[in-house]
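Trainee: Mind having a look at this structure? Questions to follow.
Read-outs throughout are calculated quantities, based only on the coordinates presented, and are distinct from any laboratory measurement. Quick caveat, the model's predicted, so the values are computed rather than measured. As a convention, Cβ positions derive from the backbone with ideal geometry for all residues, glycine included, and neighbour counts pool all protein chains shown.
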Amino acid sequence: MPIMIYEFVKGATRKLGRAPTTREIEEYALEVLPMCADHVQDHIVLLERKGLVRRRFDPERKAFVWELVPPIRTAQQLAEEFPELYLESMYYHAVSERLAGKPLPMEPVIKVLYEISKGERKRIPVSVIHRVLARALEKGAQSPEEVLTILKEEMERGQ
């Protein structure tokens, strides 16, 4: 999950136009991929230990905020530079490896995971992700976009 949390920090920073608090990162995660919101606190500390984010006290807001440490990386760059983070990012790893055999850009992965989770907050076992992706691949999907199309068609048919 750490690579996704890094992306949530990046997204919350972009949305707010400033360094976000932990709560604001969690709120952003709830908007983007609810099932991952409860991972923020655990994994942001790991990102800090790796030197990817920095925590500082914002006296104006009377709160700690998180900043990305330059250079700002893509999910794919993080996966290549920190393979252990890639392996720990179970959902990102599962979708990327199943569909491409290598790290994918985060945006389509999040869209696929959102569809699989139906936008719910409850975490889905990685084994379910693998099964859903295997079914989509059997139906001819070769990209995250094609997986999304198949998932949406299945939902319309009530499968």
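Trainee: Quickly rank 13-20, 135-142 as a protection proxy: mean count of other C-beta atoms within 10 Å, highest first.
Mentor: 13-20, 135-142
Trainee: Tell me, what ³J(HN,Hα) does each residue in segment 107-123 have, in order and in whole Hz, if you take phi through Karplus 6.51 cos²θ - 1.76 cosθ + 1.60 with θ = phi - 60° and put x for Gly and Pro?
Mentor: 4, x, 5, 4, 4, 5, 5, 4, 5, 4, 7, 6, x, 8, 7, 5, 5
Trainee: Can you give the angle from 0 to 90° between the axis of helix 90-99 and the longest principal axis of the chain, with both taken from C-alpha atoms, to the nearest 10?
Mentor: Relative to the chain, helix 90-99 is tipped by roughly 40 degrees.
Trainee: For every other residue with a beta carbon closer than 12 angstrom to the beta carbon of GLN76, add +1 if it is Lys or Arg and -1 if Asp or Glu, then tell me the sum.
Mentor: So the environment of GLN76 carries a net charge of -2.
Trainee: Take segment 2-68, drop everything but the C-alpha atoms, weight them equally and run the Debye formula without solvent; then report log10 I(q)/I(0) at 0.19, 0.21, 0.28 Å⁻¹ to two decimals.
Mentor: At q = 0.19, 0.21, 0.28 Å⁻¹ the computed log10 ratios are -0.63, -0.77, -1.31.
Trainee: Pairs to check: LYS15/LYS139; LYS50/LYS111; LYS62/LYS118; LYS118/LYS139; LYS15/LYS62. Give those whose C-alpha atoms are more than 32 Å from each other in this structure.
Mentor: LYS15/LYS139; LYS62/LYS118
Trainee: Which angle from 0 to 90°, rounded to the nearest 10, does the C-alpha axis of helix 22-32 make with the longest principal axis of the chain?
Mentor: Its long axis makes an angle of about 20 degrees.
Trainee: Let me ask something else about it. Identify the trypsin sites (Lys or Arg not before Pro) of segment 28-80 meeting these criteria: DSSP loop state and at most 14 other C-beta atoms within 10 Å of the C-beta.
Mentor: Of the trypsin sites (Lys or Arg not before Pro), the ones in loops of segment 28-80 whose Cβ has at most 14 other Cβ atoms within 10 Å are ARG61, LYS62.
Trainee: If I fit a long axis through the Cα atoms of helix 40-49 and take the longest principal axis of the Cα atoms of the chain, what angle between them do I get, 0 to 90°, rounded to 10?
Mentor: Here the helix axis deviates by roughly 60 degrees.
Trainee: So, one more: Within a Cβ distance under 12 Å of MET35, other residues only, what is the Lys/Arg minus Asp/Glu net charge?
Mentor: Summing Lys and Arg as +1 and Asp and Glu as -1 gives +1.
Trainee: Using a 10 Å cut-off around each Cβ, can you sort SER89, SER127 from fewest to most neighbouring Cβ atoms?
Mentor: SER127, SER89
Trainee: Another question about this same structure. Taking percent of Cα pairs over 22 Å apart straight from the coordinates, which label in (1) 42; (2) 66; (3) 57 is the correct one?
Mentor: Computed from the coordinates, percent of Cα pairs over 22 Å apart corresponds to (1).
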